[in-house]
1. Identify, by number, the condition in (1) in contact with a strand residue (DSSP E or B) (Cβ under 9 Å, 6 or more places away or on another chain); (2) within 22 Å of Leu8 (Cα to Cα); (3) surrounded by 13 or more Cβ atoms within 10 Å (Cβ to Cβ) that Thr62 doesn't meet.
2. Against the condition under 23 Å from Lys7 (Cβ atoms) and without any contact (Cβ under 8 Å) to a residue 24 or more places away in the chain, how does Gly126 come out, does it pass?
3. Of all residues in the stretch 90-134, which are of a type in the set (S, T, N, Q) and within 15 Å of the chain's Cα centre (by Cα)?
4. Among the residues of the stretch 77-85, is any at pLDDT 95 or above, surrounded by fewer than 14 Cβ atoms within 10 Å (Cβ to Cβ), at positive phi and not acidic (Asp, Glu)?
5. Just checking, how many residues over the stretch 92-107 are of a type in the set (A, V, I, L, M, F, W, C) and closer than 22 Å to Ala3 by Cβ?
6. So which residues in the stretch 29-42 are modelled with pLDDT of 95 or more and either among the aromatic types (Phe, Trp, Tyr) or farther than 22 Å from Thr55 by Cα (or both)?
7. Going by the conditions given, is Thr124 loosely packed, with under 15 Cβ neighbours inside 10 Å, over 21 Å from Asp22 (Cβ atoms) and of a type in the set (Ser, Thr, Tyr)?
8. In the stretch 1-40, which residue that is assigned to a loop (DSSP other than H, G, I, E, B) and among the charged types (D, E, K, R) is farthest from Ala76 (Cα to Cα)?
Amino acid sequence: MQANDAKLTELITAPSRSMVEDNAPNAPAASGFDLVVEAVAGSALGNSAAPYTLTLSAIDLTAVSQPWPEQILHQAFDTASHWILSGAGPDYECTQTFPITVPGGPGGPLAGHTLQYVASLVSTGGQIVSIIQSGPFVLV
């Protein structure tokens, strides 16, 4: 990775307190699930404290709508935002888990709907931009 670059590398839905991707993350009948975001940053950027915005947006592919408001997180390339030096080299890695509550819970109005997440990382000034999408998933 270039020293001054960053990239979102994985975006998955998983059952709560799991890191294993699941395309029905709130089954069987859980009120929520986890969204796991992974990213990498180059050696100069990863601990620079440079600010960026991480935006997480859910899209209801069944109803073609946004089922809940996006999360807009103001973060920085530092340990407070979970950036750590990679064990494999000079780059930095970041893994963050976000608990998601399903509106109406299991069997609620979104049961049976197919959704997908989109995440974007945009640095202040827009010099670093990365976008990733999760695989589609179904709520129960």
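The values are calculated or read from the model by the stated rules, or taken from the named source; none is laboratory data. No experiment lies behind these values; they were computed from the predicted model shown. So basically every Cβ, Gly included, is an ideal-geometry build from the backbone, and we count neighbours across all protein chains shown.
1. Just one mismatch for Thr62, condition (2).
2. Yes.
3. Once the filter is applied, which keeps residues that are of a type in the set (S, T, N, Q) and within 15 Å of the chain's Cα centre (by Cα), the stretch 90-134 yields Thr95, Gln96, Thr97, Thr101, Gln116, Ser120, Ser130, Gln133, Ser134.
4. no
5. The number of residues fulfilling the criteria is 1.
6. So in the stretch 29-42, the residues modelled with pLDDT of 95 or more come out as 30-42.
Across the stretch 29-42, the qualifying residues are Ala30, Ser31, Phe33.
7. Judged against the criteria, Thr124 is a match.
8. The selected residue is Asp22.
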